[in-house]
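J.: Please read through the structure below; I'll follow up with questions.
Read the figures in this text as sums done on the coordinates, not as results from a lab. Source: prediction; values computed, not measured. Here the Cβ positions follow ideal geometry from the backbone for every residue, glycine too, while neighbour counts run over all protein chains shown.
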Amino acid sequence: MGKKLLVIGEVRDGALRNVSFEAVAAARKINEDGEVVAALFGEGNLEQLGNEMIYYGADRAVVVQHENLKNYTSEGYAQAAMAVIEDENPEGIIMGHTAQGKDLTPKIASRLESGLISDATDIEVDGDDVVFTRPIYSGKAFEKKVVTEGLLFATIRPNNIAPLDRDDTRSGEVAVKDVEIKDLRTVIKDIIRKTTEGVDLSEAKVIVAGGRGVKSADGFKPLEELAEVLGGAVGASRGACDAGYCDYSLQIGQTGKVVTPDLYIACGISGAIQHLAGMSNSKVIVAINKDPEANIFNVADYGIVGDLFEVVPKLTEEIKKLKENA
Amino acid sequence: MNIYVLMKRTFDTEEKIVIENGRIEEEGAEFIINPYDEYAIEEAIQLRDEHGGEVTVVTIGNEESEKQLRTALAMGADKAVLINIEDDLEETDQITTTKILEAFFEDKEYDLILAGNVAIDNASGQVGPRLAERLGIPYVTTITDITIDGDTVHIERDVEGDVEKVDTSLPLLVTCQQGLNEPRYPSLPGIMKAKKKPLEELEIDDLDLDEDDVEPKTKTLEVFLPPEKEAGRILEGEMDDQVKELVSLLRSEAKVL
């Protein structure tokens, strides 16, 4: 269709987040014959990361490098994004529905007086129509949505649209664009890292989640060990957060995060409707609970009725063995 | 301080979703204040108590929304405004909502606008940042702590589990995240007082807007429920065997290991 789409990638700790490649794949899907331009913002040299976006399917990349882009602020990044958008004049913009994407895209959409479809989990192209599927009511339902006027602007939920295969024989121009980033009214004073494992819940392929059955903050230890052998992240139900066993940032559910990992292991979680809303669209669900009547078993693919403190360490051992033999 | 809160009336989190004639059935459903907006209302009340001023809660909705506004007043807000769009607008999106709010704020003086970081129904999370952009004021999303010190505002925000410390200034818009506070329940005297507090009702006409001014640029084609999950398999036998079986199933059947 020959459209030009802009993909805003996301750099964290000097590397691209996976959702950046998923956004390129989404743009490619919308725009098979058109041009996909990647944009990256940050501090230091981003040119190699620009190439990486090309390996994953972008045609070319524009990077804006400025010391005031070291930490994300909506104002700084919007200045960079607007400069690129004015240059490129794209017909659509795709970004990940991450903390950054959620914060930045409404500002840009508002500035451009454009619609914005947030948190798409699927994209269908039917002739000239591009139909986005997105969860509503935290995944209790879905809607199909289209842009009726103006920019095709959307954010995509991490872990739902598969990235294209990396192909390092692809090449394209990586342009460095000078933009003066100034007059920022919000200043980041400090960032306290709490997510030590570096696996973010929204992007994790595997999540091991604990509920009230975990009984204490220490009770999360076996879950953390299991998450570690699986390369996954730890999550929690509201019950566990309310009881003070863990931080609210781990909460999955209708309030809290909505996640769709490949594998979700629910430990000592009863399965209140609000929790199910946040995780029931996971690809494979395992439930471990003492109570055979627990609601969580109704959405689980596999269930073990038993004490999580017995089952989870055994499971960790078995998976360790499997990984060692692999 | 002039403090405003943007509130949305939403389905109770307990509600199951039923689709009738291609639309989500609202008949008989319980409605609540969007949980994230409750944090906003609570924080607004606390900040007013500390710094003085007035808290006005604003919602866009229909006459049913009065109930949630009265709840906010009973919690301790001073005034409420209902922008009733029921008779005027059929289709809306975030552009519609933002334009209405922009028009509302045009002749207002505000120091701080608080909103939920997301509504648990449509969950776009767009309206707060969009409005701040239209008003030309800074915004900070998903806040978990706020301290106002003169014109300087110290904020902590949740960024995917990390805590970001941000300094900014008034006037400001913030969106609230869980962990910010513990919203109070309305007290009986609060409920009595709320009945006498001012609740202004506006239509878009009163804001010098007509339907064309707030036309959406996106459209919902259909809503549908996720496919019913088939009942899964409960494993049986000795615990060691169950665990071994589970690993084997995850590997060969589910192919996730």
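J.: Could you give log10 I(q)/I(0) at q = 0.17 Å⁻¹ for chain B, computed by the Debye formula over C-alpha point scatterers of equal weight, without solvent?
T.: Relative scattering, expressed as log10 I(q)/I(0), comes to -1.33.
J.: Would you calculate the separation in nanometres between label points at B:D12 and A:L322, each defined as 7 Å from the Cα along the Cα-to-beta-carbon direction?
T.: Result: 4.1 nm between the two label points.
J.: Ignoring everything except DSSP H segments at least 4 long, calculate the 222 nm mean residue ellipticity for the protein assembly as shown; use -39,500 (n - 2.57) per segment, divide by total residues, nearest 500.
T.: On the way: 14 runs with 155 residues, N = 583.
Calculated mean residue ellipticity at 222 nm is -8000 deg cm²/dmol.
J.: Please state the relative contact order of the range A:7-98 as a whole percent: Cα pairs under 8 Å, 6+ residues apart?
T.: Relative contact order here is 32 percent.
J.: State the answer as a single residue: which of A:V7, A:A326, B:V55 lies farthest towards the positive end of the charge dipole of the protein assembly as shown, with beta carbon charges of +1 for Lys and Arg and -1 for Asp and Glu, about the Cα centre.
T.: My answer, from the dipole projection, is A:A326.
J.: For chain A, what's the relative contact order in percent, using C-alpha pairs closer than 8 Å and at least 6 residues apart?
T.: Working: 731 pairs, mean separation 46.4, N = 326.
14 percent.
J.: Cα to Cα, under 22 Å, and not fewer than 8 places away if on the same chain: which lysines meet these conditions relative to B:K244?
T.: A:K205, A:K221, A:K283, A:K290, A:K314, A:K320, A:K321, A:K323, B:K255
J.: Taking 25 °C and 0.890 mPa s as the conditions, I'd like the Stokes-Einstein D for chain A in µm²/s, using the Kirkwood hydrodynamic radius from alpha carbon pairs.
T.: Calculated translational D: 117 µm²/s.
J.: Want the number for B:S252 to B:I19: 0.36 nm per residue separation, take away the alpha-carbon distance, what's left?
T.: That works out to 80.2 nm of additional length.
J.: Within 10 Å of each Cβ of B:230-240, how many other protein chain Cβ atoms are there on average?
T.: 5
J.: Output the 0 to 90 degree angle, nearest 10, between the alpha-carbon long axis of helix B:35-51 and the longest principal axis computed from the alpha carbons of chain B.
T.: It is inclined by approximately 40 degrees.
J.: Another question about this same structure. For each pair in A:K107/A:K194; B:K16/B:K195; A:K102/A:K257; A:K215/B:K165; A:K102/B:K108; A:K140/B:K229, compute the distance between the two Cα atoms and list the pairs where it is over 23 Å.
T.: The pairs that break the limit, which is 23 Å between Cα atoms, are A:K107/A:K194; B:K16/B:K195; A:K215/B:K165; A:K102/B:K108.
J.: I'd like to compare A:200-212, A:86-98: which one has the highest average count of other Cβ atoms within 10 Å, and what's the full order after that?
T.: Packing proxy ranking, top to bottom: A:200-212, A:86-98.
J.: Direction-averaged shadow area of the convex hull around the Cα atoms of the range B:1-144, nm²?
T.: 8.9 nm²
J.: May I pose another question? Principal axis lengths of the range A:5-177 from Cα atoms, whole Å, largest first?
T.: Principal extents (Cα only, largest first): 42, 36, 28 Å.
J.: Measure out, as a whole number of angstrom, how far apart the alpha-carbon centroids of the range A:239-307 and the range B:218-257 sit.
T.: When both Cα centres are located, 13 Å separates them.
J.: With a cut-off of 17 Å, note down the residues of the range B:21-45 whose backbone N falls inside the zone around a label point 7 Å from the Cα of B:M192 toward its beta carbon.
T.: none
J.: Another question, if that's okay. Taking DSSP loops as anything outside H, G, I, E and B, show the longest stretch in chain B free of trypsin sites (Lys or Arg not before Pro) there with at most 13 other beta carbons within 10 Å.
T.: It works out to B:17-107.
J.: Rank by packing, highest mean first: peptides A:35-46, A:126-137, with packing defined as the count of other Cβ atoms within 10 Å averaged across residues.
T.: The most tightly packed comes first, giving A:35-46, A:126-137.
J.: So if I take the alpha carbon set of the range B:127-209, get Rg, then get Rh from the Kirkwood formula, what is the Rg over Rh ratio?
T.: Ratio of gyration radius to Kirkwood radius: 1.08.
J.: Just checking the output field for A:112-120: average partner chain Cβ neighbours within 10 Å of each residue's Cβ?
T.: 5
J.: In vacuum, with every alpha carbon of the protein assembly as shown counted as one equal point scatterer, what does the Debye formula give for log10 I(q)/I(0) at q = 0.07, 0.09 Å⁻¹? Two decimals, please.
T.: -0.42, -0.71
J.: What does the structure give for A:69-78 when I average, per residue, the other chain Cβ atoms found within 10 Å of the residue Cβ?
T.: What the average comes to for A:69-78 is 2.
J.: Can you spot the aspartates and glutamates whose alpha carbon is less than 16 Å from B:K193's alpha carbon? Ignore those fewer than 8 places along the same chain.
T.: B:K193 reaches B:E54, B:E66, B:D78.
J.: Helix B:94-105 versus the longest principal axis of chain B: what is the Cα-based angle in degrees, 0 to 90, to the nearest 10?
T.: Relative to chain B, helix B:94-105 is tipped by roughly 30 degrees.
J.: To the nearest 10 degrees, how steep is helix A:99-111 against the longest Cα principal axis of chain A, on a 0 to 90 scale?
T.: That helix lies at roughly 40 degrees to the long axis.
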